[in-house]
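> My structure is below; once you've seen it, I'll send some questions.
The values are calculated or read from the model by the stated rules, or taken from the named source; none is laboratory data. For clarity, every value in this text was computed on a predicted model and none was experimentally measured. When we count neighbours, we look across all protein chains shown, and the Cβ atoms used for this are built from the backbone with ideal geometry, even at glycine. Protein only, heavy atoms only, side chains kept; ligands, DNA and RNA dropped before computing areas. Shrake-Rupley method; radii C 1.70, N 1.55, O 1.52, S 1.80 Å.
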Amino acid sequence: MKTKKTVWSVLIAVVMMCQMTGCSIKPDSLLTGDDIDDGPLKVTYIDVGKGDCILIQAGTFVSMIDTGYENTVDRVSAYLDREGITAIDDMIITHFDKDHYGGMIGLMERYPVRHVFLPDYESESNGYADIMTALGIKDKDDISSRYEVHIDDPGDTAIVDEPVVTFVYGDTGYSIDYYEEKSFDYTIRASQTEYDTDRENDNDMSLIVTLHFGDDSYIFFGDIEKDATKEYLAKDYGKKKFDIMKFPHHGDWKGNYDDLIGTVSPIEVIVTDGAERPMEDKTAEYLDKCGIGCYSTYRDGTVTVHSKGIGVYGIETEYGRTE
């Protein structure tokens, strides 16, 4: 029988740095409290196996980062239905690999989607052609709203027949004021790596998504590998810290990830892995050495992070924890 357990991680302002590895040490301050208010921001890493499907709920605003596989649409839909979700404001496809875009068409057939964000490169994968066909796009350069982001009122009825499509080529984002005096700041950032048709380096083309809500901060790295990680860290925005980090590429260990972890200095890391390929031992060992908490969709099932904008995070897992 599946059980649930809520763990609250309390952010301490001064985070010690590990001198040997250069990575952050998470303070040993975990509290249990099933009766604690969930908070207005809810980020759910839905278990779709080794793939990404991340649901962000902020007041009436609903966003989805990647959509899992074609054969996990029923599982994702079941979760959305339990949450009472009938439409999706934003659907972000980080890159054109089937474990990220596979459920897109199936979900769009079931839920109206208001705005679709896609990376601005023409992939050689079959998924790219399928998505363009489903969206009715023959030439993306002809789309008038190609680089424009315009949200009139998040939570309004989504556009059913013709969602706005934006190909993200640089940085884009917006701020939503909806809860007390805190704003929900959302940024979608394109990879600065060049697409190589010979190598088909789709992973390094992943969009990187960040969100801030008061003192809370989250970052989602898609599947970036060595080249994109290096490019990201070389930018000014690549020097910022985030509390909750979606680990790149399902926990596979790639070059520069030690530098990335040291720079982001997360309190908790979420790994979207599966039975067919769990996170690498090196990843788990490195995070443990750094004292960084780690949740895995393979080990923990669907993982949900709640927060209130004050740097306090409630983490709920589908399967619970035994330790």
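> Calculate one ³J(HN,Hα) per residue across the stretch 290-307 by plugging θ = phi - 60° into the Karplus curve 6.51 cos²θ - 1.76 cosθ + 1.60, and present them in order as whole Hz with x for glycine and proline.
So the J values, rounded to whole Hz, are 7, x, 9, x, 9, 10, 10, 5, 5, 7, 9, x, 4, 10, 10, 10, 10, 7.
> Can you give me the long-range amide H partners of Asp273? Hydrogens built in the peptide plane at 1.01 Å from N, cutoff under 5 Å, separation of 5 or more residues or another chain.
Amide H neighbours of Asp273: Thr297, Tyr298.
> OK, next. Could you sort the peptides 295-306, 187-198 by per-residue average Cβ neighbour count (10 Å cutoff), highest mean leading? Don't jump to the answer; show the numbers that get you there.
Numbers: 295-306: 21.7, 187-198: 16.8.
Descending packing order for the listed peptides: 295-306, 187-198.
> Could you state the accessible area per residue of the stretch 234-323 in Å², with a 1.4 Å probe and every protein chain left in place?
37 Å²
> Take each of the peptides 92-101, 284-293, average the number of other beta-carbon atoms within 10 Å over its residues, and list them starting from the highest. Present the calculation step by step, with values, prior to reporting the outcome.
Details: 92-101: 24.5, 284-293: 17.4.
By packing density, highest mean first, the sequence is 92-101, 284-293.
> Please report the net charge: other residues with Cβ closer than 12 Å to the Cβ of Arg277, K and R +1, D and E -1. Write out the running numbers ahead of the final one.
Working: positive: Lys50; negative: Asp99, Asp252, Asp273, Glu276, Glu280.
Taking every Cβ under 12 Å from that of Arg277, the sum is -4.
> Moving to a separate point now. Take the solvent-accessible surface of the protein heavy atoms, probe 1.4 Å, and return the percent of it on the stretch 94-133 that carbon and sulfur atoms account for.
With neighbouring chains kept in place, the figure for the stretch 94-133 is 41 percent.
> Within the set Lys50/Lys239; Lys42/Lys282; Lys226/Lys246, which residue pairs have Cα atoms separated by over 25 Å? Write out the running numbers ahead of the final one.
Details: Lys50/Lys239 28 Å; Lys42/Lys282 29 Å; Lys226/Lys246 16 Å.
Check vs 25 Å cut-off fails for Lys50/Lys239; Lys42/Lys282.
> Out of residues 5 or more away from Asn201 or on other chains, whose amide H comes under 5 Å of its own, with H placed 1.01 Å from N in the peptide plane?
Distant-sequence amide H within range of Asn201: Asp196.
> Each residue of the stretch 271-277 in order: what ³J(HN,Hα) in whole Hz does its phi give by Karplus 6.51 cos²θ - 1.76 cosθ + 1.60, θ = phi - 60°, with x for Gly and Pro?
For the stretch 271-277, the Karplus curve yields 10, 9, 10, x, 4, 5, 6 Hz.
> If amide H atoms are built 1.01 Å from N in the plane of the peptide, which residues on other chains or at least 5 residues away come under 5 Å of the amide H of Asp47?
Under 5 Å from the amide H of Asp47: Thr302, Val303.
> Now for a different question. Provide the per-residue ³J(HN,Hα) series for the stretch 229-238, in order, calculated from phi with Karplus coefficients 6.51, -1.76, 1.60 and θ = phi - 60°, each as a whole number of Hz, with x at glycine and proline positions.
Running phi through 6.51 cos²θ - 1.76 cosθ + 1.60 with θ = phi - 60° gives 5, 4, 4, 4, 5, 7, 8, 4, 5, x Hz.
> Need one number: nm distance between label points at Ser183 and Asn71, each 7 Å from Cα along Cα→Cβ, rounded to one decimal.
4.5 nm
> Calculate, for Thr60 and Asp198, the FRET efficiency according to 1/(1 + (r/R0)^6) with r their C-beta to C-beta distance and R0 41 Å; round to the nearest 0.05. If you can, show how the numbers build up before the last one.
Details: r = 45 Å, r/R0 = 1.10.
It comes out at approximately 0.35.
> Students often check this: by mean Cβ neighbours within 10 Å, which of 221-232, 77-88 ranks highest, and how do the rest follow? Write down the numbers at each step before the final one.
Working: 221-232: 22.0, 77-88: 14.2.
Highest-to-lowest ranking by the protection proxy: 221-232, 77-88.
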